Amino acid sequence: MALALQTFATVKDANTALKSAGTRYLGGGTLVVRAANEGDVSVSGLVRSTDPALSAIEVSGGKVRIGASVTMARIARHPELGSLAMAARAVGGPAVRNMATVGGNLFAPAPYGDFALALLALDATVNTDEGQTPIETFLAGRDDSRAIVTSVSFTKADSLRFLKVSRVKPKGISVLSIAVVLEQAADGTVSSARIALGCMADRPVRAKAAEKALLGKTLGQDGIAAALAAAGEGTAPITDPIASAWYRAEVLPVHLGRLLLG
Amino acid sequence: MAKVPVQFTLNGSEKAEFIDSGTTLLNVLRDKIGDTSPKGGCHQGTCGACSVIIDGELRLSCLTLAETCNGATITTTSGLAEGGVLHPLQRAFLDTFATQCGFCTPGMIMAAKVLLDHTPDPSREDVVEALSGNICRCTGYEPIIQAVLTAARANSQNAA
């Protein structure tokens, strides 16, 4: 079935066109064209914008803003994005990374969405023409989101740790993925923690109980024990051909422990 | 539905077609232009059989809408041989028995070409990474990896 693609120079015009029923925004095509190829008849029209601001990466001081159309490949080779590049490299193979965008990854259903996970750990802000939304709120409400995401912005954190667990190397689908941003006081105790989990729900979620259990602790076997015990609290892991929900729940503390101690 | 025009350079020659809006590049290449070297495997971005090079980057033609390629330069495996002489990658795939059923081969060769264009002397790890988005169900991959390394050596000998 033909999809009727409409291209607009501005995000504003694209937003207007996106109001029609059955219309989806086209980023790199790895989600919506895939859905159409699979026979998803709810997609009848596609809209995209060629606004250059959507493809910009701005790094100034400690602040980063990445346009929604920026691809994983561009992030992976950007010299100033540090450990975030690791999360971008975790997405797909080389061809997918040349196509898949930051904006699209925010909507990728589990087991995909590894990059959004890193943004969740960074507590990024999702920007649209209608305003700014904290990423946690955005992800929770993404099924009803209609305004085109224009960019994500966040404070750079060199302490970002990222782990994707997959059975096939170097490119495999996630059994689970974990992103962690920690701040430690001068005595080594954890003063703030954000832990984001992938595949532990239908979209990236925060491990709030584990974060709380880490506060004031040092990063050793004993210090992280309570956090590991609480890691799966409130999660609803997916079951798919890669792993069962039971297996994901069982191995989560193991991998979180390795990431925290590594 | 009204047709939309698309125009791009395919393997060095200008192509212009009127297509249905929303048609994938894979379908335009195979059904309109008759270049059947990119294969339709999964149509899901998983197998890599449809890989082509668009403006120097490896892309999946099954997930790329042809309209977004206006003005682009596209390379497919059918454009690699020059005057009946096979490209070093094609030669190496034959010499190392890296094709069995052959369905994945054009995609593999596209992925390998992008690698060698940027990294003329790749390590084995570079090759594995470059081919990681392409699935082969026949060879067990080893002959393909060897083919790419062989082609890289052949290139460097020619350059020397």
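The values are calculated or read from the model by the stated rules, or taken from the named source; none is laboratory data. The structure displayed is predicted, hence computed values, not measured ones. No Cβ is skipped: glycine too gets one built from the backbone with ideal geometry, and neighbour counts run over all protein chains shown.
Of all residues in segment B:16-40, which are farther than 19 Å from B:Ser51 by Cα and more than 10 Å from chain A (Cβ to nearest Cβ)?
Matches in segment B:16-40: B:Ala16, B:Glu17, B:Phe18.
Could you please tell me which pairs satisfy a Cβ distance under 8 Å, a separation of 6+ or placement on different chains, a first residue in segment A:29-50 that is under 14 Å from B:Leu60 (Cβ atoms) and hydroxyl-bearing (Ser, Thr, Tyr), and a second residue that is outside any loop (DSSP other than H, G, I, E, B) and at pLDDT 95 or above?
Correct list of pairs: A:Thr30/A:Val96; A:Thr30/A:Met99; A:Thr30/A:Gly104; A:Thr30/B:Leu60.
When the residues of segment A:147-161 are filtered to those that are surrounded by fewer than 16 Cβ atoms within 10 Å (Cβ to Cβ) and not small (Gly, Ala, Ser), which remaining residue is modelled with the highest pLDDT?
Quick first cut of segment A:147-161, residues surrounded by fewer than 16 Cβ atoms within 10 Å (Cβ to Cβ) only: A:155, A:158-159.
This time we only want the ones that are not small (Gly, Ala, Ser), so: A:155, A:158.
Numbers: A:Thr155: 95, A:Asp158: 86.
Restricting to residues being surrounded by fewer than 16 Cβ atoms within 10 Å (Cβ to Cβ) and not small (Gly, Ala, Ser), the top hit is A:Thr155.
Would you mind telling me which numbered condition in (1) surrounded by fewer than 15 Cβ atoms within 10 Å (Cβ to Cβ); (2) under 26 Å from A:Tyr112 (Cα atoms); (3) more than 14 Å from every other protein chain (Cβ to nearest Cβ); (4) modelled with pLDDT of 95 or more A:Thr50 fails?
(3)
Condition first: within 12 Å of chain A (Cβ to nearest Cβ) and either in contact with a Cys (Cβ under 7 Å, 6 or more places away or on another chain) or among the aromatic types (Phe, Trp, Tyr) (or both). Can you find one or more residues in segment B:62-72 that meet it?
Yes, segment B:62-72 contains a residue that is within 12 Å of chain A (Cβ to nearest Cβ) and either in contact with a Cys (Cβ under 7 Å, 6 or more places away or on another chain) or among the aromatic types (Phe, Trp, Tyr) (or both).
Among the numbered criteria (1) buried (at least 18 other Cβ atoms within 10 Å of the Cβ); (2) not assigned by TED's automatic domain parsing to the domain that holds A:Ser60, which one does A:Asp114 miss?
Of the numbered conditions (1) buried (at least 18 other Cβ atoms within 10 Å of the Cβ); (2) not assigned by TED's automatic domain parsing to the domain that holds A:Ser60, the odd one out for A:Asp114 is (2).
Taking B:Ala2 as meeting all but one of (1) surrounded by fewer than 17 Cβ atoms within 10 Å (Cβ to Cβ); (2) in contact with a Lys or Arg (Cβ under 6 Å, 6 or more places away or on another chain); (3) within 11 Å of chain A (Cβ to nearest Cβ), write down the number of the exception.
(2) is the only condition that B:Ala2 fails.
Name the single residue, out of those in segment B:104-126 being under 15 Å from A:Gly93 (Cβ atoms) and without any contact (Cβ under 8 Å) to a residue 24 or more places away in the chain, that is farthest from the chain's Cα centre (by Cα).
Step by step, filter segment B:104-126, then rank; the result is B:Glu125.
Looking at (1) of a type in the set (A, V, I, L, M); (2) in contact with a strand residue (DSSP E or B) (Cβ under 7 Å, 6 or more places away or on another chain); (3) away from chain B (no Cβ under 12 Å), which is the one condition that is false for A:Met99?
(3)
Do you know which residues across segment A:65-100 are in a strand (DSSP E or B) and touching a helix residue (DSSP H, G or I) at 6+ places or on another chain (Cβ under 8 Å)?
Within segment A:65-100, A:Ile66, A:Gly67, A:Thr71 qualify.
Has segment A:192-211 got any residue that is over 17 Å from A:Ala110 (Cα atoms) and more than 21 Å from the chain's Cα centre (by Cα)?
There is no residue in segment A:192-211 that is over 17 Å from A:Ala110 (Cα atoms) and more than 21 Å from the chain's Cα centre (by Cα).
Could you figure out which of (1) crowded, with 21+ Cβ neighbours inside 10 Å; (2) out of contact with any strand residue (DSSP E or B) (no Cβ under 9 Å at 6 or more places or on another chain) isn't true of B:Glu129?
Unmet condition: (1).
Does segment A:135-142 contain at least one residue that is farther than 15 Å from A:Val205 by Cβ and in contact with a Lys or Arg (Cβ under 9 Å, 6 or more places away or on another chain)?
no
Among (1) closer than 23 Å to B:Cys47 by Cβ; (2) crowded, with 21+ Cβ neighbours inside 10 Å, which single condition is B:Ala152 missing?
(1)
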